[in-house]
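For reference, the structure is listed below as structure tokens.
The values are calculated or read from the model by the stated rules, or taken from the named source; none is laboratory data. These figures come from a predicted structure and were not determined experimentally. Methodologically, a virtual Cβ is constructed for each residue, glycine included, from the backbone with ideal geometry; neighbour enumeration extends over all protein chains shown.
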């Protein structure tokens, strides 16, 4: 691991994006999102995925200059087409649009079809929370988990975000519906470690903490077993219904991970409650939560707490980046 | 178990409700909800909980004639006070009000404070889906699960519903965020059985499938471990923020399970997509899901499927009711 300065990272990514067809200010915005994701400790949806992102641009699956366009609307509910533009730019744009709707109607909801991977879902939660809004958003994905009772992957892990604003640090839950991602399981496997909890079934149909066995069976567990499986189905249904876009089933027919459907729902709480009272509610709930008696070696935190800590530390000391990844990304300046 | 005819059950409950201060048509509606919940196989939120419901009425915690009143509103976003009315009636009324908002704005959202237990959350999902709407609603609860990393119960299990309409049978996910409810664990314990999956920690801090050990430690697991714990926190935050009502923390200070906060969010998909296309999307997704290759002895179903089967069977053959429960409920006619 080497340590990279946040601004150096952002400048490099911006330069590469410009070279691959992005214009200002989109190149800046897109570089900022990838850099921020890396800064807060989610390199898997930051610098470590940047080369793949550029590859998708090169092969025409991500269209740098494409912008979302509105297809249908009815007051606070809108349907947009992502036109296969860059996922992070589409997502940011739709978050902002849902915020506008919430300012006008109290709540706004958008179904977005035909978009691309938005990288770290939580980014949009932080963005909305920073402006004082509540955000609930999710995406469907290609089929990567078996539905409950099945062996064949026909569910997405459909990451979902719930975010709300807080003066001392926003509360942002960003969770995929798989208990462990394939990336995390591969990390455990590489280090020869077991998963801390059962993460799926092996080929014999036994629950296992052996990451290799799950990478082999392709039978990762949804959170809460049948419950997460049901939730994944409903999120795919609602996203596909209101966006009019591809379902997990449709996405599974393509050879490329592109064209997914998403939902953005924003609430403006200050339209019906005084800001001070909202802040008081949030503070009281978080204080109560954090003061719970700890288990031995237990730590009680709230969703988003680690993001803030990583951010502060990495801004000061530089962002830890795998040196091979850094060299590869730098080479994208040339081709 | 004895078998009770649906209409006999409904008439009995209606008579008892009238005796305890309910008026027409509220008594009919409330009896219909308790009876329907029993009919579809959820007696725990139907007849088995009816005596407790009447007790709460007797002690003044549920006020039979109270109606929800609006406190704040901004177009598609409203805040209501449940005035400690009967939870099922408040919930049905708020679902219908959110439907009206969705008809006007495409989406509608309500924060309801100061209400009472709504019994089976899925009931309101079926109600909205039957009318062609998408419903997302949830409630907070008293603290009954430790947050992740803690031993002390400071999280609600905050049941949440996601529902969408389907011609051949609606898709209704109704899930609490605990892996197993205390009621289910008590059933397993009574039958001397282990849980099929780890359901919590024992007093020594080990994950266990022994229901008695969890009933003793009061450390049930949230779904997906840290993920469900985070989700429970966010649902409590959002419900408390927009309703202006009691949080799980506040509810924990009371001696009675009353006064909770809820969110009702309804989307009218047909405002932005043709009904035929919506139906087609839903059918394709469910067909794909159900056709997944099964595990040995596995069964793939969709959320709501069992409800429909139980309903059909119990309408025909009568509803299985515990005879002692039946006698107790009948005795409520007299006092």
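Summary of computed values
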item	result
Search result, residues across segment B:37-65 that are out of contact with any helix residue (DSSP H, G or I) (no Cβ under 7 Å at 6 or more places or on another chain), under 23 Å from residue B:187 (Cα atoms) and in a loop (DSSP other than H, G, I, E, B)	B:42
Flag if residue B:64 is more than 14 Å from chain A (Cβ to nearest Cβ) and either free of Cβ contacts under 8 Å to residues at least 24 places away in the same chain or under 25 Å from residue B:328 (Cα atoms) (or both)	yes
Segment A:66-81: number of residues that are assigned to a loop (DSSP other than H, G, I, E, B), surrounded by fewer than 23 Cβ atoms within 10 Å (Cβ to Cβ) and in contact with a strand residue (DSSP E or B) (Cβ under 7 Å, 6 or more places away or on another chain)	1
Residue count for segment B:289-315, restricted to those that are assigned to a helix (DSSP H, G or I), within 7 Å of another protein chain (Cβ to nearest Cβ) and touching a residue at least 24 places away in the same chain (Cβ under 8 Å)	0
Segment B:154-185, subset without any contact (Cβ under 8 Å) to a residue 40 or more places away in the chain and farther than 24 Å from residue B:127 by Cβ, residue nearest to the other protein chains (Cβ to nearest Cβ)	B:184
Test: residue in segment A:208-222 that is within 10 Å of another protein chain (Cβ to nearest Cβ) and under 30 Å from residue B:154 (Cα atoms)	yes
Any hit, segment A:241-256, residues being within 11 Å of chain B (Cβ to nearest Cβ), surrounded by fewer than 19 Cβ atoms within 10 Å (Cβ to Cβ), touching a residue at least 40 places away in the same chain (Cβ under 8 Å) and not in a loop (DSSP other than H, G, I, E, B)	yes
Pairs, first surrounded by 23 or more Cβ atoms within 10 Å (Cβ to Cβ) in segment B:82-93, second in a helix (DSSP H, G or I), C-beta under 6 Å, six or more apart	B:82/B:90; B:86/B:30; B:88/B:30; B:88/B:33; B:89/B:26; B:89/B:30; B:91/B:124
Failed item, numbered, when residue A:265 is tested on (1) in a helix (DSSP H, G or I); (2) at the interface with chain B (Cβ under 8 Å from one of its Cβ atoms); (3) touching a residue at least 24 places away in the same chain (Cβ under 8 Å)	(1)
Every pair of residues 6+ apart whose Cβ atoms lie under 6 Å, when the first sits in segment A:187-207 and is over 22 Å from residue A:225 (Cβ atoms) while the second is at pLDDT 95 or above	A:189/A:211; A:189/A:212
Selected residue (criterion: farthest from the other protein chains (Cβ to nearest Cβ)) from residues of segment A:103-113 that are in contact with a helix residue (DSSP H, G or I) (Cβ under 8 Å, 6 or more places away or on another chain) and under 9 Å from residue A:76 (Cβ atoms)	A:108
Residue identified as within 22 Å of residue B:177 (Cβ to Cβ), surrounded by 20 or more Cβ atoms within 10 Å (Cβ to Cβ) and within 10 Å of another protein chain (Cβ to nearest Cβ) among A:147, A:143	A:147
Residue in segment A:114-134 that is free of Cβ contacts under 8 Å to residues at least 40 places away in the same chain, part of a helix (DSSP H, G or I), more than 13 Å from chain B (Cβ to nearest Cβ) and surrounded by fewer than 24 Cβ atoms within 10 Å (Cβ to Cβ) present	yes
For residue B:326: the one exception among (1) more than 19 Å from residue A:148 (Cα to Cα); (2) within 8 Å of chain A (Cβ to nearest Cβ); (3) in contact (Cβ under 8 Å) with a residue 12 or more places away in the chain	(2)
Scope segment A:322-335; condition in contact with a strand residue (DSSP E or B) (Cβ under 7 Å, 6 or more places away or on another chain) and over 21 Å from residue A:18 (Cβ atoms); matching residues	A:323
Flag for residue A:59 being within 30 Å of residue A:183 (Cβ to Cβ), under 16 Å from the mean Cα position of the chain (by Cα) and away from every other protein chain (no Cβ under 14 Å)	no
Qualifying position, being modelled with pLDDT of 95 or more, at negative phi and out of contact with any strand residue (DSSP E or B) (no Cβ under 7 Å at 6 or more places or on another chain), among B:95, B:38, B:29	B:29
Segment A:264-323, subset closer than 30 Å to residue A:79 by Cα and surrounded by fewer than 22 Cβ atoms within 10 Å (Cβ to Cβ), residue nearest to the chain's Cα centre (by Cα)	A:270
